[in-house]
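Let me begin by presenting the structure, written as structure tokens, before commenting on it.
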Amino acid sequence: MTASKPFVLFFNPVRHACSFYAKLQEVAHTEVVTSKGRADFFKDLQDKYKNIFAIYRTSASGTVAGKFDEEFIAHLPPTCRYICHDGAGYDPINVKVCADRGIIVTNAPDPVTDATADLAIFLLLGALRQLNPAISALQAGKFKTNVDFGHDPQGKTLGILGMGRIGRAIKARSDPFGLKTVYHNRHPLSSEQVAGAEYVSFDKLIEESDIISVNVPLNANTKYLISAKEIARMKRGVVLVNTARGAIIEEAAMADALESNHIGAVGLDVYEKEPEINEKLLRQPRALMVPHVGTHTTETLAKMETWAMENVRRAIVQEPLLSPIPEHQHLV
């Protein structure tokens, strides 16, 4: 290893922003982790990874060493100062333990916005129009057989739960379809930010929306934010769209409500115990589901990789970080 350059360990190889990766190597020594599992990685930390300065991680990093939990953080060497994640959500990282160790976590909130909002609109319209049963009938050689009627978006109330970057992008994309948008957030936003969406209480959003889009981060306060109790209060025939995190909705309760027809349809990109999916959901034709591909485009992944590596570069050259997570602002 080149002693003069800080050691940055990549938990996944860079696939799209290769030119920026080459640029980063001007100021950093980089390696892609070769450990075969969690125990193997902990062993490697004692020798070949004992001097890492920063870790670059993606949503797929857990396949090597699992969650970046208290045990994982405890094994990191004292030289490790940064964990730079290339996505917006960072729930697999125990950020409190990181802060206690003086490790700053960064994320990449901006690059994911457009692609995730695009997919949310696809899932919203597909679920509302009951396209999944129609596609299944077509593929089974039963052209338009036993295909129920869908619904138009015009005049429906879209409830956006979480009006951050992605929530606001969904609102902008929903306007041309004639949807009336209401939202709930921890705090009301300025009229300029919400562009005409009405702030409502959580209860009002749950009870009066025809379509609900989940766009809040997963944390201790939002796990099972929508459980059987909340689902029971929703309009019969409601459409649920989730492109945030699976555990925000109680998956079993959602599957039961689909089975009983209380929920009209769902559009899902995320699941409670990925890659496992509730068996009832898998058998449910009114569940339009894709395998967590909200940011799975060449352009967006390149932006995410670049953003995370720019945080690494700035940490090395001691420039202000692009996006330390809110919990770590005081450490910067």
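What follows draws every value from the coordinates through simple rules; no lab data is involved. Just so you know, these numbers come straight off a predicted model, no measurement behind them. Here the Cβ is made from the backbone with ideal geometry for all residues, glycine too, and neighbour counts use every protein chain on show.
Note that the stretch 204-316, at 10 °C in a medium of 1.306 mPa s, gets a Stokes-Einstein diffusion coefficient of 104 µm²/s from its Kirkwood radius over C-alpha pairs. Potential lengthening of the chain between S260 and K48 amounts to 70.8 nm, from the contour at 0.36 nm per residue minus the alpha-carbon distance. For the chain, the longest principal axis of the Cα atoms and the long axis of helix 113-128 meet at an angle of about 20 degrees. Expressed in units of 2.2 N^0.38 Å, where N is the residue count, the Cα radius of gyration of the stretch 130-223 is 1.33. Counting only DSSP beta bridges whose two residues both lie in the chain, roughly 5 percent are antiparallel. Under the shape rule built on the C-alpha gyration tensor, where the axes satisfy a ≥ b ≥ c, the stretch 1-43 is oblate, since a/c reaches at least 1.5 while a/b does not exceed b/c.
Loop only by DSSP, 16 or fewer other Cβ within 10 Å of the Cβ. Give me the trypsin sites (Lys or Arg not before Pro) in the stretch 138-186 that pass, ordered by residue number. Counting only loop positions with at most 16 other Cβ atoms within 10 Å, the trypsin sites (Lys or Arg not before Pro) in the stretch 138-186 are K142, K144, R186. Applying a DSSP loop filter and a limit of 12 other Cβ atoms within 10 Å to the trypsin sites (Lys or Arg not before Pro) in the stretch 202-276 leaves R236. Return the inverse of the average 1/r over all pairs of distinct C-alpha atoms in the stretch 154-198, which is the Kirkwood hydrodynamic radius, in Å to one decimal. Result for the stretch 154-198 stands at 10.3 Å. Placing one equal scatterer on every Cα of the chain and applying the Debye formula, the log10 ratio I(q)/I(0) at q = 0.06, 0.13 Å⁻¹ is -0.24, -0.99.
Both radii are taken from the alpha-carbon atoms of the stretch 82-182; with Rh as the Kirkwood radius, Rg/Rh is 1.17. By the rule of a C-alpha distance below 27 Å, with chain neighbours fewer than 8 residues away ignored, the lysines paired with K5 are K23, K36, K43, K48, K50, K303.
Please give the net charge around T30, taking every other residue with its beta carbon less than 13 angstrom from that of T30, where Lys and Arg add +1 and Asp and Glu add -1. Charge balance near T30 sits at 0. Computed over the stretch 173-259, the alpha-carbon pair-distance distribution with 10 angstrom bins reads 16, 49, 30, 5, 0, each value a whole percent. Distance distribution P(r), the stretch 14-148, all Cα-Cα pairs, bin width 5 angstrom from 0: 2, 8, 14, 17, 14, 10, 7, 7, 7, 6, 5, 3, 1 percent. For the stretch 113-289, the ratio of Cα radius of gyration to the globular rule of thumb 2.2 N^0.38 Å stands at 0.98.
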